[in-house]
Amino acid sequence: DILVTEYGGGIEAVPVSATKGTNVDKLLETILLTAELMELQADPQAPLQAVVIEAAKEVGRGPVATVIVQQGTLAVRQDIMTDTTDGRVKLLSDVA
């Protein structure tokens with residue numbers, strides 16, 4: 001019951017490879033554009049729930065992750081937990 005825009009539907013489809021890292025920027029751009037067009041608003045009081053789509057250790061920066069926030073608000077100095085690790089947000093930057 002899903003029809004992508006290429007076939008006349010209303011759902012955007014972006015081919016992405018997590019192992020090769022291809023089209024991740026296009027996926028994020030599509031998500032931002034779709035959210036803007038749909039005028040989606042986040043509930044800042046909701047508990048944070050996010051998905052890590054990319055993570056790496058960068059020289060001079062340490063652990064870096066690209067996340068998509070599904071609900072709530074991500075803030076600097078906020079404690080975060082995943083299935084395998086936990087930490088604290090030190091810096092937020094916009095990839096768009």
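Below is a table of values for the structure above.
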{"quantity": "From 25, 43, 1, residue being touching a residue at least 60 places away in the same chain (Cβ under 8 Å) and either exposed (fewer than 10 other Cβ atoms within 10 Å of the Cβ) or outside any loop (DSSP other than H, G, I, E, B) (or both)", "calculated": "25"}
{"quantity": "Residues within segment 72-96 that are of a type outside the set (Asp, Glu) and under 21 Å from residue 25 (Cα atoms), tallied", "calculated": "6"}
{"quantity": "Total residues in segment 48-81, condition of a type in the set (S, T, N, Q) and open to solvent by 90 Å² or more (accessible area, probe 1.4 Å)", "calculated": "2"}
{"quantity": "Wholly within segment 48-96, strands (runs of 3 or more DSSP E) carrying at least 3 residues that are under 12 Å from the mean Cα position of the chain (by Cα) and modelled with pLDDT of 85 or more", "calculated": "49-58, 62-71"}
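The values are calculated or read from the model by the stated rules, or taken from the named source; none is laboratory data. All figures in this text were calculated on a predicted structure; none of them were measured in a lab. Ideal geometry is used to build each Cβ from the backbone, glycine not excepted, and the neighbour counts take in all protein chains shown. Calculation scope for accessible area: heavy atoms of the full protein, side chains included, ligands and nucleic acids excluded. Shrake-Rupley method; radii C 1.70, N 1.55, O 1.52, S 1.80 Å.
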